[in-house]
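Data block below; observations after.
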Amino acid sequence: MTDSRHDSWDAPGLLPPSEPKRVARYRRLQSWYREVQLGAPAGKFGSYDPLGSYLDPKAVKQQRDLNFLHPSAYEHAETRSIEVQAEGGALDPTRLFHNMLSSMPMCFNLFGAMRGEHDAFLPVFTSLFDDEATAISEIVCEWAPPDADARIGDRTAFDAVIFYEAGDQKRFIGIETKYTEPFSRRVYESQRYTDVTAGCGWFVHPESAADSLKGPKSNQLWRNVLLAAALDSSGQHGRGSVAVVALDGDSGAETAVELVGSTLADSHIDRLRLVSIETVLAAIDAMAPELSWWATSFRRRYLRGDLPDDPSAARDPLGPVLGRPIFDTQAAARASSAGTG
């Protein structure tokens, strides 16, 4: 039931009148979720006062974990918002805590939530990211190597990085997540990029790869791959790779992976992969039933574009609520088994 204290989630002026249908669909879902699930008012963003997919600062001040689905995700967000700035990184705390449509909090809600679930998440990771993985060591969001020699001379970072083992080998995979936003079309180039491209051994034609990948459709992903290659070459965390995790049918992500992947040597073709968010959740349902409650919450928050138009849709009593205590998964499990979910 809509709370009359707040703007209706689809009131005129609360959502942009003209934007790509895919973006509009998920922005509409976020506005619905904000009001129906969170009971929180929308906040001012840009020329919108308010914007349905943006959390009001007063609500966030009252409930700092409002944009997160799980205590592990929220606690990691608080930690990294401080650490990344101290490290000279580019994390924007306002985007992280207020912007419901951003892929940044979504990444924390996905991979940050798995930080304390290594054992349960391992079979999912093995099936989708590296079939030789035997153990996950650590998951960190918004991460770049602290060692300058393992970086590419700028503030490029992985949205998340997963450090893991494959038998007695150390490995890592840098994750780039996308929700509705495209890859950045801004073109960056530097001598450091050219040097890493030429010297890392990942590219079939290193002398020309930099010129072909610096364009707007592949520049951002090229830099992510270069970061993985530079860290791999440093030997600090073993063999590296990159995965783009995006919604199924994200044409921008598909194009970027195709462009960068086409320049990789055959021996390094497995260094880059595209994995859909929907596939991750399906694998969790199939292989990690103890995490299905989380997958259901994630779908409801990010994927269920039909919810706003479902007459039976209502607030999930086990999900986030404005002013609630930090979400207690054990209490939720008890409530669900008792038939109250």
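If I filter the stretch 303-341 down to residues being at pLDDT 75 or above and in contact with a Phe, Trp or Tyr (Cβ under 7 Å, 6 or more places away or on another chain), which single residue comes out as nearest to residue 247 (Cα to Cα)?
Applying the filter and picking the extreme gives 305.
Tell me the residue from 250, 270 that is farther than 20 Å from residue 142 by Cα, modelled with pLDDT of 95 or more and surrounded by 17 or more Cβ atoms within 10 Å (Cβ to Cβ), please.
Answer to the check: 250.
Restricting attention to the stretch 24-46, which residues are buried (at least 20 other Cβ atoms within 10 Å of the Cβ), of a type in the set (A, V, I, L, M, F, W, C) and part of a helix (DSSP H, G or I)?
29, 32, 38
What number of residues within the stretch 241-288 are assigned to a helix (DSSP H, G or I) and in contact (Cβ under 8 Å) with a residue 40 or more places away in the chain?
The number of residues fulfilling the criteria is 14.
Could you count how many residues in the stretch 232-247 are within 14 Å of the chain's Cα centre (by Cα) and surrounded by fewer than 22 Cβ atoms within 10 Å (Cβ to Cβ)?
1
Under the condition of being of a type in the set (Lys, Arg) and more than 17 Å from residue 232 (Cβ to Cβ), which residue from the stretch 158-212 is modelled with the highest pLDDT?
178
For the stretch 137-162, give me each residue that is touching an Asp or Glu at 6+ places or on another chain (Cβ under 8 Å) and either farther than 30 Å from residue 249 by Cβ or aliphatic (A, V, I, L, M) (or both).
Once the filter is applied, which keeps residues that are touching an Asp or Glu at 6+ places or on another chain (Cβ under 8 Å) and either farther than 30 Å from residue 249 by Cβ or aliphatic (A, V, I, L, M) (or both), the stretch 137-162 yields 137, 144, 146, 157, 160, 162.
Considering the stretch 47-62 alone, what residues qualify as being surrounded by 21 or more Cβ atoms within 10 Å (Cβ to Cβ) and among the aromatic types (Phe, Trp, Tyr)?
Across the stretch 47-62, the qualifying residue is only 54.
The values are calculated or read from the model by the stated rules, or taken from the named source; none is laboratory data. Not measured: the values here are computed from a predicted model. Backbone-built Cβ (ideal geometry, glycine too); neighbour counts: all protein chains shown.
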